[in-house]
Amino acid sequence: MKPKHEALNQQIDAIWIQFRADIGAAFNAAHAVQEPAGVDPGWQAMCQHWGVAPISAEERQQVIAAQKPLRGAATMEFLAVVNAIVKTHRIASKKIDSWDTHSSVEAKHTRLNGLLERTDTELITAYKGAVLPKPGGMFAHAMAGAGAGPKPAQTGPTTSTLSCRGCGAPRLNTTDLICAYCDQQLV
Ligand SMILES: [Zn+2]
């Protein structure tokens with residue numbers, strides 16, 4: 001039989017890896033929807049998988065009018081899917097008792113719980129940044145650009161700037177230099 005701390009360490013790693021994969025898949029599926037606040041087969045399957053009912057046609061029209069998204073699944077639906085993912089892994093994490101084991105295992109468990117705590121609020125902000133128009137619009141853009149040198153052509157956010165190249169998880173925060181999910185440096 002394996003020592004207790006090794007088994008716990010593996011359980012924590014397993015939740016961490018699955019959580020990261022689930023979050024990455026949900027973010028990519030939501031962002032891949034071409035029609036603003038729309039639905040495509042990939043997103044529909046994602047909602048079904050996590051038991052999330054699509055918003056009504058009326059709510060969809062309200063979201064489009066209020067948020068004027070450029071693309072991507074409706075933020076309400078994305079948030080519901082993220083909440084379902086976080087809840088599933090929070091329940092799994094709570095079942096792990098890392099108290100009275102190696103301090104490194106306990107520290108890792110604490111980090112995983114921290115990641116589960118911060119993901120929903122930070123990820124929805126990151127998602128809005130990726131699918132909603134930038135605040136300020138053209139005027140703010142023109143002012144910011146006054147006197148500045150030539151900029152590279154705007155191609156819009158790409159998946160590589162939105163996600164970590166190491167693990168594929170979405171970037172939680174544009175100011176993060178290290179991926180919260182795998183510790184790799186973000187470029
Ligand atoms: Zn990563």
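Table for the structure above
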| quantity | calculated |
| --- | --- |
| Residue among Ser98, Ser104, Ser93 that is assigned to a helix (DSSP H, G or I), modelled with pLDDT under 95, polar (S, T, N, Q) and farther than 27 Å from Val39 by Cα | Ser104 |
| Entirely in region 1-80, the helices (runs of 4 or more DSSP H) that have 1 or more residues that are surrounded by 15 or more Cβ atoms within 10 Å (Cβ to Cβ), in contact (Cβ under 8 Å) with a residue 60 or more places away in the chain and on the phi < 0 side of the Ramachandran plot | 4-32, 57-67 |
| Pair list, Cβ < 7 Å and 6+ apart or interchain, from region 168-187 residues that are charged (D, E, K, R) to residues that are more than 10 Å from the ligand (Cβ to nearest atom) and outside any loop (DSSP other than H, G, I, E, B) | Arg171/Ala126; Arg171/Leu162 |
| Those residues of region 165-185 which are more than 13 Å from the chain's Cα centre (by Cα) and either within 9 Å of the ligand (Cβ to nearest atom) or part of a loop (DSSP other than H, G, I, E, B) (or both), in sequence order | Arg165, Gly166, Thr175, Asp176, Leu177, Ile178, Cys182, Asp183, Gln184 |
| Flag for Ile96 being among the aliphatic types (A, V, I, L, M), within 21 Å of Tyr181 (Cβ to Cβ) and more than 19 Å from the chain's Cα centre (by Cα) | yes |
| For Leu123: the one exception among (1) within 16 Å of the ligand (Cβ to nearest atom); (2) modelled with pLDDT under 90 | (2) |
| Enumeration of residues in region 144-187 that are of a type in the set (Gly, Ala, Ser), farther than 23 Å from Leu132 by Cβ and modelled with pLDDT of 75 or more | Gly166 |
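The values are calculated or read from the model by the stated rules, or taken from the named source; none is laboratory data. Not measured: the values here are computed from a predicted model. All Cβ positions, even for glycine, are placed from backbone atoms using ideal geometry, and neighbour counts span all protein chains on display.
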